[in-house]
Amino acid sequence: KLLQMNSLNKKDLHNKGVCRLMEPIIEFKNITKSYGDNVVVKDLNLTIDKGAFITIIGSSGCGKTTTLKMINRLITPDSGEILIDGKNIENRDVIKLRRNIGYSIQGNVLFPHLTVRDNIAYVPELSEKIDKKELDNDVRELMKIVNLDEKYIDYFPHELSGGQAQRVGLARALASKPRIMLLDEPFGAVDAITRTQLQKEIKRIHKESNITFIFVTHDINEAVSLGDKVIIMEDGQIDQYDTPEKIVNEPATEFAKTLIGDKSIIKI
Ligand SMILES: Nc1ncnc2c1ncn2[C@@H]1O[C@H](COP(=O)(O)OP(=O)(O)OP(=O)(O)O)[C@@H](O)[C@H]1O
Ligand SMILES: [Mg+2]
């Protein structure tokens, strides 16, 4: 039910097939961002299609988080334009813009004074016409989606493990029924089994919704298995933006080659 708002209509389903129409949702046009002498994003050009699942991988400090944060205007670029649905985000109301964009922060920062329920319900509760009962059901459904037992609903963040807190962060990002999800290493602190489960859930959510995902990871296997396109970033620039098959079989740069390593052990 939660995903219904974003669920695919027949036409979209048709488009998901062979003759899917590509329509951009996010466009970076010559985006540059520096801190002092440190140019962290360099003349970045990027088009992301509606409904895509994009993964971003690259060395620590190469500009991944900065790139994500420019999409919901937590960071302002020095030059260039970012368009969402063809419109420059600079001129948009920032609150309205962020309502459409779910963001799961790297390291996962929950509101410490709020319970799991209130953390997840935070954004929906900002809207005036909200049915308490319905919201409670939504929270429970989201907890199910991220594999978190209902018994934690009244827990506070300090009573959760790192992986549990991260799942609450993911549920909170999904709660606003966003059109775009920015996930910054969302599975960094979870064990391998939970991680595999969550990857499956994320894939399912993507399949059943119309949400565009942008997902940062340090794990090449995760990048190629989740993404329908992968961005390899190096020093604030894109080395390669391609399908997982191309990334694995035809890495474009030395860095991409190093990242792939032995391709026989990579599962797409
Ligand atoms: N507020 C800031 N002031 C100065 N430098 C900054 C600031 N924020 C980020 N940087 C620098 O920008 C560069 C890119 O940072 P960013 O957080 O985008 O990296 P990242 O690719 O997400 O790395 P990681 O994989 O470690 O999360 C880094 O060199 C960082 O030191
Ligand atoms: Mg980062």
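Readers should treat all values here as calculations from the given coordinates under stated rules, not as data from a laboratory. Please read these numbers as outputs of a predicted model, since none were measured by experiment. Glycine gets a Cβ as well: all are built from the backbone with ideal geometry, and neighbour counts include every protein chain shown.
Can you work out the FRET efficiency for the pair Glu134 and Val39, with r the C-beta to C-beta distance and R0 = 45 Å, to the nearest 0.05?
The formula returns an efficiency of 0.40 here.
With every atom except the alpha carbons ignored, what do you get for Rg and Dmax of region 18-78, in angstroms?
13.2, 47
Starting from the alpha-carbon convex hull of region 112-177, give the projected area averaged over all orientations, in nm².
4.1
Any aspartates and glutamates with Cα under 12 Å of the Lys69 Cα? List them, leaving off those in the same chain fewer than 8 positions away.
Partners within reach: Asp184.
Set the bar at 26 Å for Cα to Cα. Now go through Lys133/Lys203; Lys132/Lys177; Lys33/Lys200 and name every pair that lies beyond it.
Where the Cα-Cα span goes over 26 Å, the pairs concerned are Lys133/Lys203; Lys33/Lys200.
Compute the relative contact order of the chain as a whole-number percentage, counting only Cα pairs closer than 8 Å that sit 6 or more residues apart in sequence.
Reported relative contact order: 26 percent.
Nothing charged except the Cβ atoms of Lys and Arg (+1) and of Asp and Glu (-1): what's the magnitude of the dipole of the chain about its Cα centre? Round to the nearest 20 debye.
860
Roughly speaking, what is the stretch gain from Asn30 to Ile268, that is 0.36 nm per residue apart minus the C-alpha to C-alpha distance, in nm to one decimal?
Fully extending the segment from Asn30 to Ile268 adds 82.6 nm.
For Lys129, give me every one of the aspartates and glutamates with a C-alpha distance below 16 angstrom, ignoring sequence neighbours fewer than eight places off in its own chain.
Correct list for Lys129: Asp138.
log10 I(q)/I(0), Debye, Cα-only the chain, no solvent, q = 0.08, 0.09, 0.15 Å⁻¹?
Relative scattering, expressed as log10 I(q)/I(0), comes to -0.32, -0.41, -1.18.
So what's region 137-268 giving for Cα Rg divided by 2.2 N^0.38 Å, two decimals?
Cα Rg divided by the expected 2.2 N^0.38 Å: 1.16.
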